[in-house]
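A.B. asks: Okay, handing you the structure first.
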Amino acid sequence: MGIAAFLHGAGFTGSGERYLNSVVGVEGCADGSVRVLVSSTEFGQGTNTVLSQIAAEALGLPYENVTMAQPDTSEVPNSGPTVASRTVMVVGKLVQSAALGIKQTLISSGLLHENYSADEFIAACRRYVAEHGQFRCWSRYEAPSDIFWDDEKYRGEAYAAFAWAIYVAEVTVDLTTYSVTVDDFVALQEVGKVLHPLLARGQIIGGIAQAIGFSLYEKVVWQNGRMQNNQMTNYIMPTASDLPPIRVFFEELGNVYGAYGAKGIGELPMDGPAPAIVNAVEDALGVRFDSIPLLPEDIMNGLNKDDLTRDGLTVTTENGVGSARGVR
């Protein structure tokens, strides 16, 4: 059994978010629907779903009433790249703010009252666009006053929020083949408010699956500046049959800087599996390993080296000649 306790910052490091100065827009359309205007790109992680969900929640609308604009910066503002576990926390918070701007504009114009229905919102939005034309609200990132990174002194708050986790791996080491099998994996993480439990769980499971490959299989071989094993026949990745049951649990402590209390989540599950798995191998064999991927030959060499040490011998080289000396 092996355990890893770790954390991961959400958003760009240091003053990165200040320099990005991201902008997000939300548009009330002529048909009464709402469109989110961001450059954040959907590539399977659920960005479109969650950002639409945030806008819908802020406006009190059904999810189906919100769409996403294509992330083409000829039409949408620069909300920054889709990296650094920042989309839900940083961009999502801006989406929430811009959506509230739409709501407040309709209320202050007298077209909408405080406790409105979805149908009343649609009617008010249609009327506002008919009377005033294009209806968009913008929100620009402003660093929290109590979060500051000093670039000159290299001191301060490196991140506005951290996600935390504890991972537990159970492994079996085959002493004939020196291979490691991960038999069970438990992942507990605190990522603020979990806005979409199914997507969040999927991101954790997918990240752990990648990280198991990172830990035990995926050795990159470089020679003369080129990757030598750049094909599926010689770059080994885990398949579904190589993965254990992955059990995911959440704690929700919240985050004042994220949309509805959310923190970043995407990179977190890449951090913890390797140390948890390597710690489990050490627990099984009593031998410490300090590099990954932990391949069968690494385990064989580690055990052989440990056997030599326990037998009272350690091998050293002096001027290129091998010698052995006793140790106590």
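The values are calculated or read from the model by the stated rules, or taken from the named source; none is laboratory data. Remember, it's a predicted structure, so these values are computed and weren't measured experimentally. Cβ atoms come from the backbone with ideal geometry, glycine included; neighbour counts cover every protein chain shown. We work out accessible area using only protein heavy atoms, side chains counted, and drop any ligands, DNA or RNA first. Shrake-Rupley method; radii C 1.70, N 1.55, O 1.52, S 1.80 Å.
A.B. asks: Working from Cα positions, state the angle (0 to 90°, nearest 10) between the long axis of helix 296-310 and the longest principal axis of the chain.
C.D. replies: For helix 296-310, the angle is close to 50 degrees.
A.B. asks: In sequence order, what are the phi-derived ³J(HN,Hα) couplings for segment 86-92 according to the Karplus relation 6.51 cos²θ - 1.76 cosθ + 1.60 with θ = phi - 60°, rounded to whole Hz, with x for glycine and proline?
C.D. replies: 10, 4, 6, 6, 7, 5, x
A.B. asks: Using θ = phi - 60° and the Karplus form 6.51 cos²θ - 1.76 cosθ + 1.60, what ³J(HN,Hα) does each residue of segment 224-232 get, whole Hz, x for Gly and Pro?
C.D. replies: Computed from phi, the couplings for segment 224-232 are 6, x, 10, 6, 8, 10, 9, 10, 5 Hz.
A.B. asks: So what does Lys103 come to for accessible area, using a 1.4 Å probe and Å² rounded to 10?
C.D. replies: 50
A.B. asks: Angle, helix 118-132 long axis vs. longest principal axis of the chain, Cα atoms, 0 to 90°, nearest 10?
C.D. replies: That helix lies at roughly 70 degrees to the long axis.
A.B. asks: Now, a different point. As I understand it, the dipole of the chain uses +1 on the Cβ of Lys and Arg and -1 on the Cβ of Asp and Glu, about the Cα centre. Which of Val191, Pro144, Val66 lies farthest toward its positive end?
C.D. replies: My answer, from the dipole projection, is Pro144.
A.B. asks: Would you grab the residues whose amide H sits under 5 Å from the one on Phe249? Only those 5+ places off in sequence or on another chain, please, with H modelled 1.01 Å from N.
C.D. replies: Ala187, Leu188, Gln189
A.B. asks: Oh, and also: Taking amide H positions as placed 1.01 Å from N in the peptide plane, with prolines and chain starts having none, which residues 5 or more places from Ala161, or on another chain, fall under 5 Å of its amide H?
C.D. replies: Ala10
A.B. asks: Compute, for the chain, the length of the dipole vector about the Cα centre, with Cβ point charges of +1 (Lys, Arg) and -1 (Asp, Glu) only. Units Debye, rounded to 20.
C.D. replies: Computed about the Cα centre, the dipole is about 480 debye.
A.B. asks: Let me check against my output: what whole-number percent is the relative contact order of the chain, with C-alpha pairs under 8 Å and at least 6 apart?
C.D. replies: 24
A.B. asks: Using the alpha-carbon atoms, what tilt in degrees (0 to 90, nearest 10) does helix 273-285 show relative to the longest principal axis of the chain?
C.D. replies: For helix 273-285, the angle is close to 30 degrees.
A.B. asks: Now for a different question. For Leu303 and Gln231, compute 0.36 nm times the residue count separating them, minus their Cα-Cα distance, and round to one decimal in nm.
C.D. replies: 22.9 nm
A.B. asks: May I pose another question? Give the residue from Ala200, Val95, Met300 lying farthest towards the positive end of the charge dipole for the chain; charges sit on Cβ (+1 for Lys and Arg, -1 for Asp and Glu) and the dipole is referred to the Cα centre.
C.D. replies: Among Ala200, Val95, Met300, the one farthest towards the positive end of the dipole of the chain is Val95.
A.B. asks: Let me ask another. On a C-alpha basis, how far is the centre of segment 149-227 from the centre of segment 10-73 in Å? Whole number, if you could?
C.D. replies: Their Cα centres are 27 Å away from one another.
A.B. asks: While we're looking at this one, here's another question. Heavy atoms only, probe 1.4 angstrom, no DNA, RNA or ligands counted: give me Arg18, Arg247, Arg288 ranked by accessible area, highest first.
C.D. replies: Listed by decreasing accessible area, they come as Arg288, Arg247, Arg18.
A.B. asks: Show which aspartates and glutamates lie in cross-link reach of Lys153 when reach means a straight Cα distance below 19 angstrom and same-chain residues fewer than eight apart are skipped.
C.D. replies: Leaving aside aspartates and glutamates fewer than 8 places away in the same chain, those within reach of Lys153 are Glu17.
A.B. asks: For a quick check, take a GNM of the chain with Cα springs below 10 Å and name the residue from Asn115, Asn279, Asn304 with the largest mean-square fluctuation.
C.D. replies: Top of the fluctuation ranking is Asn115.
A.B. asks: For the chain, with a Gaussian network of springs between Cα atoms less than 10 Å apart, report the residue from Val36, Val248, Val95 with the top mean-square fluctuation.
C.D. replies: Val248
A.B. asks: In the full protein assembly as shown, how much of Phe135 is accessible to a 1.4 Å probe, in Å² to the nearest 10?
C.D. replies: 10
A.B. asks: Go ahead and set up a Gaussian network model of the chain, Cα springs under 10 Å, then flag whichever of Ala118, Ala158, Ala58 fluctuates most.
C.D. replies: Result for the chain, Cα springs under 10 Å: Ala118 fluctuates most.
A.B. asks: Rounded, prolate or oblate: pick one for segment 29-92, where a ≥ b ≥ c are the square roots of the eigenvalues of its C-alpha gyration tensor, a/c under 1.5 means rounded, and failing that, prolate if a/b is larger than b/c, else oblate.
C.D. replies: Here segment 29-92 falls in the oblate category.
A.B. asks: When DSSP assigns beta bridges and you keep just the ones with both residues in segment 159-253, what percent turn out antiparallel, to the nearest 5?
C.D. replies: 65
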